[in-house]
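Asker: Take a look at the following structure, please.
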Amino acid sequence: MDSQQIEEMFDSVAIKYGTMRMFFYEHAVGVINECRKSRIKILGFDSVRISARGIQPYLEFSHDYSTLAIEDSWITGIRDLTDLSSSDFVFDLVF
């Protein structure tokens, strides 16, 4: 499976804003698990809050995995998402 197919697999649960596709915690973990199965590296994610005023990114809760080994990108991504699982963020994954 390639990245396009993974995007299509999760299309029905994505929150779409322009070209962004954001996911609630459980779906973001699902995307990472599908990337792991297909050996696609996670490059990082942005943590975002959505309100009536728009989208507010929180860079202090966003992560860059571009320098990590491919296996570490999945492990670290799931760990970092789990650390934020009780927040009201949605996540814009880059893979």
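Asker: Scan the stretch 31-56 for residues that are touching a strand residue (DSSP E or B) at 6+ places or on another chain (Cβ under 8 Å) and either without any contact (Cβ under 8 Å) to a residue 24 or more places away in the chain or of a type in the set (Asp, Glu) (or both) and jot them down.
Answerer: Asp46, Gln56 - these are the residues of the stretch 31-56 that are touching a strand residue (DSSP E or B) at 6+ places or on another chain (Cβ under 8 Å) and either without any contact (Cβ under 8 Å) to a residue 24 or more places away in the chain or of a type in the set (Asp, Glu) (or both).
Asker: Another question about this same structure. Select, from Ser62, Ser85, Ser73, the only residue that is within 15 Å of the chain's Cα centre (by Cα), exposed (fewer than 15 other Cβ atoms within 10 Å of the Cβ) and within 23 Å of Glu34 (Cα to Cα).
Answerer: Ser85
Asker: Right, another one. Taking the stretch 18-51 as the search range and keeping residues that are under 11 Å from the mean Cα position of the chain (by Cα) and among the charged types (D, E, K, R), which one is farthest from Ser62 (Cα to Cα)?
Answerer: Applying the filter and picking the extreme gives Glu26.
Asker: For a quick check of your reading of the model, give me the residue pairs whose first member lies in the stretch 3-22 and is within 17 Å of Phe45 (Cα to Cα), whose second is aliphatic (A, V, I, L, M) and in a helix (DSSP H, G or I), with beta-carbon atoms closer than 6 Å and at least 6 apart or on different chains.
Answerer: Sorted first by the residue in the stretch 3-22, then by its partner, the pairs are Phe10/Val31.
Asker: Then there's this: So, in the stretch 11-60, how many residues would count as being assigned to a loop (DSSP other than H, G, I, E, B), of a type in the set (A, V, I, L, M, F, W, C) and at pLDDT below 95?
Answerer: Total satisfying the criteria: 1.
Asker: Which members of the stretch 30-80 meet the condition of being small (Gly, Ala, Ser) and farther than 18 Å from Ile6 by Cβ?
Answerer: Ser47, Ser51, Ala52, Gly54, Ser62, Ser66, Ala69
Asker: Let me ask something else about it. Determine whether Ser66 is touching a Lys or Arg at 6+ places or on another chain (Cβ under 7 Å), modelled with pLDDT of 95 or more and either among the polar types (S, T, N, Q) or assigned to a loop (DSSP other than H, G, I, E, B) (or both).
Answerer: No, not satisfied.
Asker: Follow-up question, since we're still on this one. What residue, of Phe10, Phe23, is closer than 12 Å to Phe95 by Cβ, surrounded by 15 or more Cβ atoms within 10 Å (Cβ to Cβ), touching a His at 6+ places or on another chain (Cβ under 9 Å) and not polar (S, T, N, Q)?
Answerer: The conditions single out Phe10.
The values are calculated or read from the model by the stated rules, or taken from the named source; none is laboratory data. Bear in mind the structure is a predicted one, so any value in this text is a computation, not a measurement. Quick reminder, even Gly has a Cβ in these numbers, built from the backbone with ideal geometry, and neighbours come from all protein chains shown.
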